[in-house]
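Scroll down for the structure; my scribbles are underneath it.
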Amino acid sequence: MSDYRYDNQTVKGFIVSSIFWGVVGIVIGLWISVQMWMPSLNIPPFFTFGRLRVVHTNGLAFGLGIGAIFGIFYYIVMRLTKRPLLFPKLARFHLYLFNTAIVLAALSLLAGMNQSLEYAELEWPLDIGVVILWVIFAVNIFGTIIKRKEEQMYISLWYVIATVIAVAVLYIVNNLSIPAGLTKSYHLFAGVNSANVQWWYGHNAVGFIFTTPILAMFYYFLPKSTGLPIFSHRLSIIAFWSLVFAYLWTGAHHLVYTPLPDWIQTLAIAFTIFLIAPSWGSVVNGYYTVGSDWSKMQTNYLTKFFILGITFYGLQTVQGPTQGLRVVSQLIHYTDWVPGHVHMGTMGWVTLTAVASIYYIIPKIYNTEIYSERIANIHFWLVLIGQLIFSITMWITGIMQGALWKATTSDGSLKYTFMEIVAKNYPYWKMRTLGGVIFTVGMLFFIYNIYMTMRKGKLELAGAKA
Amino acid sequence: MAGDLYNKPILFAIVAAAVVLIGTAVTMFIPMLTAEMHPKLSNLKPYTALQLAGKDIYQREGCNNCHTQTVRPLKTEVMRYGEYSKAGEFAYDRPFLWGSKRTGPDLARIGGKYPDKWHEIHFDNPQSMFAESNMPAYGWLKNNTLDPASIERHMKANDFPYTSDDMAQLKDKTELDALIAYVQVIGTAVKKAPATAAQPAIKETHIPNPLAGDPVAIKQGAAMYKQHCVACHGDNGQGGIGPSLVDKMFLYVAGDMPDDDYFEIINNGTQPGMIEDGRTAKGGMPSYSNTLDKNKIWALVAYIRSLQAKK
């Protein structure tokens, strides 16, 4: 066990860092949600909606998301290869470099250095930094897997490998740009082509940051925490390969009804519908795994996090493909429906699964039990309620916006001006903030619980030594 | 055999990479090599130095987080914003700025829709024009001057043509000037279709306002005036960004015009050089043909007449 101590500290470092960036990202999220209905909260030049929104998305995708993925992947890989990391010092350096990069990323985005590519906003010098970070990560992950002491690679490792490869390809290609000074660049691709490259990236960033890594966690921690084996190995094989194959075809469903050639849009829509199958492969696998003993929902406090998490994944992967259809897209695209959709995935599926993984890891590292299952349960219900209020409110607003944008009077002229429709959103935008506040309070319970668990672990260790 | 794949991480990684690259090649990489992905309208011009500076500010301030720049080929969308977006309009945009959320309206056809002065006032205080707007104020941009050296670097990176005169002119401009210059050129490579057929230079017959003097219509017109007109023509029609409606001028020529000329101006809007019943427009006014139906426009004319009568 002592072989793992140094690496466990690195894992803990990533988890604590990701929680810290998560708090920053969530607080900014609350702030911009209030800016939507109270424009006086815009404080130029650094704290206007246009700049803060990218700090929110990048802070949570890269700070919370990638930070948690780094830490949890190191943990999973060590367990599944039955050995410590191949390069422990490199992993520690990786942690410091990661936090440095996130600080610089946040500051540069607040300063308005922005490539205007969604989820690839960072300017080129930071992009190089991100690539270096990723290579360091990949070297350690692959090195440790190659030198493993367990012959067979478990399902989670497939998703780990796919994540490492796909994110590298996506990130490098979409960030190719023509530098014009240290803080400004222009996309190597122009116009329609630029749009096609960006959404090939943008959609697959969701695929390989918010899907495959989270599935790696799900397939590892669900059996670990419940003691139930995965229902079907064969189903996981089929689901894995069809998922990583189909995902890359679907980016253009973000560009339905734009000037992008129709055939690319149609192909993307078709593959998007197909994607329901592999997504639900994992959903079914999750349900049937716990299905062998549903009493785990009561007896093991983490089971409900995983089951609700995979349920939101299932809902997300039906709602998403539906949105790709032209008839649905023309109503809800560009409306608040879309943030409603995104936040079901991030606040539901991703966060529930990641926090459950962290609830599992932290007591293991400290060789103790969770501080309070009761607080974990309160956390669960608050984030669930907060997220549902958020998403449902935004779906309603989105349909209303889409419908009013299209509304005409009996003589065929537009029934509402744009401004009249904006004004109708305010009650819903306020409701969204309320949902966000409830979610945030839930996350504070989580942070308290993790902090107290670590404290308890340290005290117990000190007690054992004395 | 296939089971071996799960014991061989390097082979597994290679197979996974290949699987990921198939869809990438078909939908992204191969199309990039065809002319289909690089269209350019014949009258599309590279950005000038001032416009590019404005576009850089548009990106820096993250305007694309709330504004799209692509009109979908849907009936009501074309009515609201104008001609649907064409693939060839964006050849100089690195990257494209179509956006993904419309918290504010689409801007694909904003160029030339309003006069510069309108944008200046609107950027400075959006709520002064639209009380319920949630747009942040950007008046502070006028306190920032431009940096010609960095703009020159940006022009070079884009390979856009410029002269030393173009650069010299930047010195007296603010960031707000640049942003407005950019906004005014967005979507202008596509010609605007007139809302109705061109009118003969001087009309021989006129249609009277069917709602003239109708008190209900005047009341309705007052509400619409407040919503659509007050920002440019003032509370009592005294003018501001746009000309006065209560003096004895119409399109800069002395002497009033009949009701149906008012109707046509509101319906079609104006563009510099457009001729209405023998008089020439100088400024730009948006068209309200898709926002206000016939009766509403006549009601508005009735209200404007009531303002003139008060004077």
Exercise for review: Kindly rank B:166-173, A:60-67 from highest to lowest mean number of other beta carbons found within 10 Å of each residue.
Suggested key: A:60-67, B:166-173
Exercise for review: For chain B, just the Cα set please: Rg and Dmax, both in angstrom.
Suggested key: 25.0, 93
Review point. Among the residues of region A:33-51, which ones have their accessible area go down by 10 Å² or more when all the protein chains sit together, as opposed to their chain alone (1.4 Å probe)?
Key: A:MET36, A:PRO39, A:ASN42, A:PRO44, A:PRO45, A:THR48, A:PHE49, A:GLY50, A:ARG51
Point to revise | Degrees separating the helix A:5-35 axis from the principal Cα axis of chain A, which is the longest one | key: 20
**Study point:** Extreme residue, positive dipole direction of region A:12-101, given options A:ALA91, A:SER18, A:PHE70 (C-beta unit charges)
**Key:** A:ALA91
Check your understanding: Taking both sides together, what accessible area is buried at the B/A interface, probe 1.4 Å, expressed in Å² and rounded to the nearest 100?
Key -> 7600
Check your understanding: So what is Rg over Rh here for region B:128-194, counting just Cα atoms and using Kirkwood for Rh?
Key -> 1.07
Check your understanding: Taking H as built 1.01 Å from N, whose amide H comes closer than 5 Å to the amide H of B:GLU276, not counting residues under 5 places away?
Key -> B:ALA281
Exercise for review: For the protein assembly as shown, compute Rh as the Kirkwood radius over C-alpha pairs and then the Stokes-Einstein diffusion coefficient at 25 °C and 0.890 mPa s; write the answer in µm²/s, rounded to an integer.
Suggested key: 87
Practice item. Could I have the simple spin-label model distance between B:LYS192 and A:PHE93, label points 7 Å from Cα toward Cβ, reported in nm to one decimal? Key: 6.0
Point to revise | Residues A:LYS224 and A:LEU459, FRET efficiency given R0 of 41 Å [Cβ-Cβ distance, rounded to 0.05] | key: 0.95
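With Cβ to Cβ distances under 15 Å as the rule, what net charge do the other residues near B:GLU276 carry (K, R +1; D, E -1)?
Spelling it out: positives minus negatives among the neighbours equals -4.
For region A:71-138, which trypsin sites (Lys or Arg not before Pro) are in a loop by DSSP, counting at most 12 other Cβ atoms within 10 Å? Could the numbers behind the result be given before it?
On the way: sites: A:ARG79, A:LYS82, A:LYS89, A:ARG92; in loops: A:LYS82.
Listed in order of number, the matching sites are A:LYS82.
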Practice item. Would you mind computing, in nm to one decimal, how far apart the modelled labels at A:ARG326 and A:ILE392 are, each placed 7 Å from Cα along Cα→Cβ? Key: 3.4
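Taking beta carbons within 10 Å but only from partner chains, what does the mean come to for residues B:6-19?
6
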Exercise for review: Determine ³J(HN,Hα), in whole Hz, for all residues of region A:431-444 in sequence, where each value follows from phi through the Karplus function 6.51 cos²θ - 1.76 cosθ + 1.60 and θ = phi - 60°; x replaces Gly and Pro.
Suggested key: 4, 4, 4, 4, x, x, 5, 4, 4, 5, 4, x, 5, 5
Point to revise | Protein accessible area in region B:183-311, 1.4 Å probe - carbon and sulfur % | key: 60
Practice item. Would you mind checking which residues have amide H under 5 Å from A:SER185's amide H? H placed 1.01 Å from N; only 5 or more apart, or other chain. Key: A:ALA180
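So, with a 1.4 angstrom probe, what is the percent of accessible area on region A:1-142 that is carbon and sulfur?
Answer for region A:1-142: carbon and sulfur cover 78 percent of the accessible area.
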Check your understanding: Given a Förster distance of 41 angstrom, what is the FRET efficiency for A:GLU369 paired with A:GLU150, based on the Cβ-Cβ distance and rounded to 0.05?
Key -> 0.90
Point to revise | Ranked by how many other beta carbons lie within 10 Å on average, peptides B:287-294, A:7-14, B:206-213 from highest | key: A:7-14, B:287-294, B:206-213
Exercise for review: Please give the average number of partner chain Cβ atoms lying within 10 Å of the Cβ of each residue in A:250-263, rounded to a whole number.
Suggested key: 5
Review point. Any idea what angle helix B:259-268 forms with the longest principal axis of chain B, computed on alpha-carbon atoms, 0 to 90 degrees, nearest 10?
Key: 10
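Once you list every other residue whose beta carbon is under 10 Å from the beta carbon of B:GLY54, what net charge do they have if Lys and Arg are +1 and Asp and Glu are -1? Let's see the in-between values first.
Values: positive: B:LYS55, B:LYS173; negative: B:ASP56, B:GLU175, B:ASP177.
Taking every Cβ under 10 Å from that of B:GLY54, the sum is -1.
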Review point. Between region A:367-423 and region B:239-311, how many Å separate their Cα centres?
Key: 42
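For an R0 of 51 angstrom, estimate the FRET efficiency from the Cβ-Cβ distance between A:TRP294 and A:ILE399 and round to the nearest 0.05. Numbers along the way, then the final one.
Working: r = 35 Å, r/R0 = 0.68.
Calculated value: 0.90.
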Practice item. Evaluate the distance, in nm, between pseudo-label points positioned 7 Å from the Cα of B:ASP159 and of B:ALA25 along their respective Cα→Cβ axes. Key: 2.7
Practice item. Convert each backbone phi in region A:304-317 into a coupling constant with the Karplus relation 6.51 cos²θ - 1.76 cosθ + 1.60 (shift: θ = phi - 60°), then list the ³J(HN,Hα) values in order as whole Hz, x for Gly and Pro. Key: 5, 4, 5, 5, 5, x, 5, 5, 5, 4, x, 5, 4, 7
**Study point:** Solvent-accessible area per residue, Å², over region B:13-135 with all protein chains present [probe radius 1.4 Å]
**Key:** 37
Practice item. Could you pull the accessible area for B:LYS282 with a 1.4 Å probe, rounded to 10 Å²? Key: 130
Review point. Can you give the mean number of other chain Cβ atoms that lie within 10 Å of the Cβ atoms in peptide B:267-273?
Key: 0
**Study point:** Local electrostatic count at A:THR81 - Lys and Arg +1, Asp and Glu -1, tallied over other residues with Cβ under 12 Å
**Key:** +3
Exercise for review: Could you work out how far the C-alpha centroid of region B:129-183 sits from that of region A:58-108, in angstrom?
Suggested key: 40
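The values are calculated or read from the model by the stated rules, or taken from the named source; none is laboratory data. Just so it is clear, the structure is predicted and the values come from calculations on it, not from any experiment. Cβ: placed from backbone, ideal geometry, glycine included. Neighbour counts: every protein chain shown. With ligands, DNA and RNA removed, areas are computed over all heavy atoms of the protein, side chains included. Shrake-Rupley method; radii C 1.70, N 1.55, O 1.52, S 1.80 Å.
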